[in-house]
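K.L.:
For reference, the structure I am asking about is given below.
The values are calculated or read from the model by the stated rules, or taken from the named source; none is laboratory data. What you see is a predicted model, and the numbers here were worked out from it, not measured in a lab. As a convention, Cβ positions derive from the backbone with ideal geometry for all residues, glycine included, and neighbour counts pool all protein chains shown.
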Amino acid sequence: MKSIYTTNEQFNIIYEIYEMARLLERDLGYRKIQSTGRGAFIISLPKEWVQDIGLNKGNELAYKIQQDSTLILTPRKIMEGRKETEKPILREYKILVEPNADPQSISRQIIALYEVSADLIHLHFKDSENTTAYSGEIRNLVRNALLGSEIIDESNSQITIQILINHTEFPIEQAIRRMAILALAANRDAILSLNSMEDVLIQNVIRGCDDVNRLNLYVIRQLKFGLELNLFKEYEFKTPKEFLGYRIVSNDIKNIADNALNVTQNLIALKKLIEDQTLFLKEPVDEEVNSQIFKFNSSASQLFEESLKALFKRDYELADKIMSRIESLSNLENDLTTLMLSKRMDPKLSSILRLIFDSSRRVLDYSRDVAEVTLNRTVEEISQ
């Protein structure tokens, strides 16, 4: 079984972030358990910790046993402080926009801050006369790419963006489910549009891919936020390592949408050549090849949906069966390749059919990735 943790550099970065967060814990050494002689056990508290948080004799600690049998001690004043309804501290960041700054560079910085859980992003323009040159692009970015974001203040010298959505309002699994529905629909419509070349289908693919990208940024934001604050239990994960697995899944779904968009862009170019009468197709789309590709794509899409089902249900057995079924489709893949090579098709159509076939084949690869994530996150549970 190939490892999914070493094939992509961005996943290694996520894992490094996790390791950094883990290393931020302070190691205060060991304490011996002592007996009072009356059937009770006591342990001393680290003096440094007691002094840092201002505890004194008579203060109370809350005890909480974790699922892994570890024990968490929390001062009562901190427990009660958490229960108080206080105004949350917002994460605010400033971007200083120099005259003649690259708008794309500014957009990338805004997206990066969104991903690291910024609540407020203030853009300050050194040259107020150039604000209008950026405001349109920033509005489009907020509206089309940053889920749950709004521009709450705008003037000649400043634009303020606030992010208003959080995990409890839109859980990660729900966002990933929605991403998968949109990505697979775009993948299907990209294939259907080859025959009809209808504008409706083409626009459906483009809009669907935009929505997938928007949801992907949201998922990245929430995963990084949960990782930073060690909220794996709040996310219903068993260990913090599962943040990495969900990052892989989100990226795979985004790739399905990107592949569909690539097919559609080639179809748009082909359609324009035909409309401009600079290209005359020698023959229509080969029905046998098109039908077999659609059948192959449907099988791949079904397996991807089932791999997500196994992931969310933490179903090791189902994920293992999916791996076997993926391997069984290799014969169908080989037969389809042979069929395409045997046809004498128009080169333009042939290239697009190969793109569609490659897009469908990659859906199988992504199904394998998701199944492997499920195997890796549940194998310890079934092996105890």
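K.L.:
Given (1) assigned to a helix (DSSP H, G or I); (2) surrounded by fewer than 17 Cβ atoms within 10 Å (Cβ to Cβ); (3) among the aliphatic types (A, V, I, L, M), where does Ile165 come up short, assuming only one miss?
P.N.:
With (1) assigned to a helix (DSSP H, G or I); (2) surrounded by fewer than 17 Cβ atoms within 10 Å (Cβ to Cβ); (3) among the aliphatic types (A, V, I, L, M) applied to Ile165, the lone miss is (1).
One line per residue, one yes/no per condition, for (1) of a type outside the set (A, V, I, L, M, F, W, C); (2) in a helix (DSSP H, G or I); (3) under 17 Å from Arg143 (Cα atoms); (4) out of contact with any strand residue (DSSP E or B) (no Cβ under 8 Å at 6 or more places or on another chain):
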site	(1), (2), (3), (4)
Leu201	no, yes, no, yes
Val205	no, yes, no, yes
Cys209	no, yes, yes, yes
Leu217	no, yes, yes, yes
Ile220	no, yes, no, yes
Lys224	yes, yes, no, yes
Leu227	no, yes, no, yes
Lys233	yes, no, no, yes
Glu236	yes, no, no, yes
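K.L.:
Being without any contact (Cβ under 8 Å) to a residue 40 or more places away in the chain, in contact with a helix residue (DSSP H, G or I) (Cβ under 7 Å, 6 or more places away or on another chain), assigned to a loop (DSSP other than H, G, I, E, B) and under 19 Å from Leu96 (Cβ atoms), is that true of even one residue in the stretch 134-153?
P.N.:
No, the stretch 134-153 has no match at all.
K.L.:
Another question, then. Could you check the stretch 321-346 and list, in sequence order, the residues that are crowded, with 16+ Cβ neighbours inside 10 Å and of a type in the set (A, V, I, L, M, F, W, C)?
P.N.:
Ile322, Met323, Ile326, Leu329, Leu336, Met340, Met345
K.L.:
Given the conditions (1) under 29 Å from the mean Cα position of the chain (by Cα); (2) closer than 30 Å to Ile274 by Cα; (3) surrounded by 15 or more Cβ atoms within 10 Å (Cβ to Cβ), and given that Leu318 satisfies all but one, which numbered condition is not satisfied?
P.N.:
(2)
K.L.:
So which of Ile181, Ile163 is within 22 Å of Ile89 (Cα to Cα) and either in the same structural domain as Cys209 (by TED's automatic domain parsing) or touching a Ser or Thr at 6+ places or on another chain (Cβ under 6 Å) (or both)? Before the answer, list the steps.
P.N.:
Working: Ile181 fails: within 22 Å of Ile89 (Cα to Cα).
Only one candidate qualifies: Ile163.
K.L.:
Is the stretch 262-270 home to any residue that is assigned to a helix (DSSP H, G or I), under 24 Å from Ser307 (Cβ atoms) and outside the structural domain of Ile111 (by TED's automatic domain parsing)? Steps first, please.
P.N.:
Of all residues in the stretch 262-270, those assigned to a helix (DSSP H, G or I) come to 262-270.
If we keep only those that are under 24 Å from Ser307 (Cβ atoms) too, we end up with 262-263.
Imposing the further condition that a residue be outside the structural domain of Ile111 (by TED's automatic domain parsing) reduces the set to 262-263.
Looking for residues that are assigned to a helix (DSSP H, G or I), under 24 Å from Ser307 (Cβ atoms) and outside the structural domain of Ile111 (by TED's automatic domain parsing), one finds at least one in the stretch 262-270, hence yes.
For every residue, the table says whether it meets (1) surrounded by fewer than 10 Cβ atoms within 10 Å (Cβ to Cβ); (2) modelled with pLDDT of 80 or more; (3) touching a strand residue (DSSP E or B) at 6+ places or on another chain (Cβ under 9 Å); (4) more than 30 Å from Tyr134 (Cβ to Cβ).
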site	(1), (2), (3), (4)
Glu25	yes, no, no, yes
Gly37	yes, no, no, yes
Ile53	no, no, yes, yes
Gly58	yes, no, no, yes
Thr85	yes, no, no, yes
Val97	no, yes, yes, no
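K.L.:
Still on this structure: Going through the stretch 114-129 one residue at a time, which ones are in a loop (DSSP other than H, G, I, E, B) and free of Cβ contacts under 8 Å to residues at least 60 places away in the same chain? It would help to see each step written out before you state the result.
P.N.:
Here is the first cut: in the stretch 114-129, the residues in a loop (DSSP other than H, G, I, E, B) are 116-119, 126-127.
Within the stretch 114-129, Ala118, Asp119, Lys126, Asp127 qualify.
K.L.:
Go through the stretch 357-377 and give me each residue that's farther than 15 Å from Ser250 by Cβ and hydrophobic (A, V, I, L, M, F, W, C).
P.N.:
Result: Phe357, Val363, Leu364, Ala371, Leu375.
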